[in-house]
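See below for the structure under consideration.
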Amino acid sequence: MTKKAISQLRSLGTSELEEKLNDAKAKLAKEKSSQSAGTRPEKPATIGNLKKQIARCMTLISEKQRAKEKTLSENKTKGGIGK
């Protein structure tokens, strides 16, 4: 995946990333099942690429969640006593 593609993933919302994650997981399950049935994949690197795509999506989702939690905690501390 190129830097441009990764930046496009970063611009997506959490729900869109979760949708891409579910799609990639479904494709991975399909590829693994066909491989275990004994058929050779057209592109052997497909499984590895799907795993990387899943990891990227999961990473971006967790980054967005941590950033959201951080802003919430900062907002709570700003409105504290004595300020």
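Condition first: surrounded by 10 or more Cβ atoms within 10 Å (Cβ to Cβ), assigned to a helix (DSSP H, G or I) and of a type outside the set (D, E, K, R). Can you find one or more residues in segment 75-83 that meet it?
Filtering segment 75-83 down to residues surrounded by 10 or more Cβ atoms within 10 Å (Cβ to Cβ) leaves none.
Scanning segment 75-83, I find no residue that is surrounded by 10 or more Cβ atoms within 10 Å (Cβ to Cβ), assigned to a helix (DSSP H, G or I) and of a type outside the set (D, E, K, R), so the answer is no.
Within segment 6-27, is even one residue among the basic types (Lys, Arg), assigned to a helix (DSSP H, G or I) and out of contact with any helix residue (DSSP H, G or I) (no Cβ under 8 Å at 6 or more places or on another chain)? First the steps, then the outcome.
Of segment 6-27, the ones among the basic types (Lys, Arg) are 10, 20, 25, 27.
This time we only want the ones that are assigned to a helix (DSSP H, G or I), so: 10, 20, 25, 27.
Add one more test, that the residue is out of contact with any helix residue (DSSP H, G or I) (no Cβ under 8 Å at 6 or more places or on another chain), and what stays is none.
Within segment 6-27, none of the residues are among the basic types (Lys, Arg), assigned to a helix (DSSP H, G or I) and out of contact with any helix residue (DSSP H, G or I) (no Cβ under 8 Å at 6 or more places or on another chain).
Being within 24 Å of the chain's Cα centre (by Cα), farther than 23 Å from Lys4 by Cα and surrounded by 10 or more Cβ atoms within 10 Å (Cβ to Cβ) narrows it down to one of Glu69, Glu63, so name that one. Show your work before the answer.
Working: Glu63 fails: farther than 23 Å from Lys4 by Cα.
Of the residues listed, the single one that is within 24 Å of the chain's Cα centre (by Cα), farther than 23 Å from Lys4 by Cα and surrounded by 10 or more Cβ atoms within 10 Å (Cβ to Cβ) is Glu69.
Considering only residues that are part of a helix (DSSP H, G or I) and among the polar types (S, T, N, Q), look in segment 34-48 and name the one that is farthest from Asp23 (Cα to Cα). Explain how you work it out, then say what you get.
Filtering segment 34-48 down to residues part of a helix (DSSP H, G or I) leaves 34-36, 46-48.
Next cut, among the polar types (S, T, N, Q) only: 34-36, 46.
Values: Ser34: 17, Gln35: 18, Ser36: 20, Thr46: 14 Å.
Among them, the one singled out is Ser36.
How many residues does segment 1-53 hold that are within 24 Å of Arg66 (Cα to Cα) and either touching a residue at least 60 places away in the same chain (Cβ under 8 Å) or of a type in the set (S, T, N, Q) (or both)?
Looking only at that region, the number is 7.
Read-outs: derived from the displayed coordinates by stated rules, not from any lab. What you are looking at is a predicted structure, and each value in this text was computed from that prediction instead of being measured. Please note: Cβ atoms are built from the backbone with ideal geometry, for glycine as well, and neighbour counts cover all protein chains shown.
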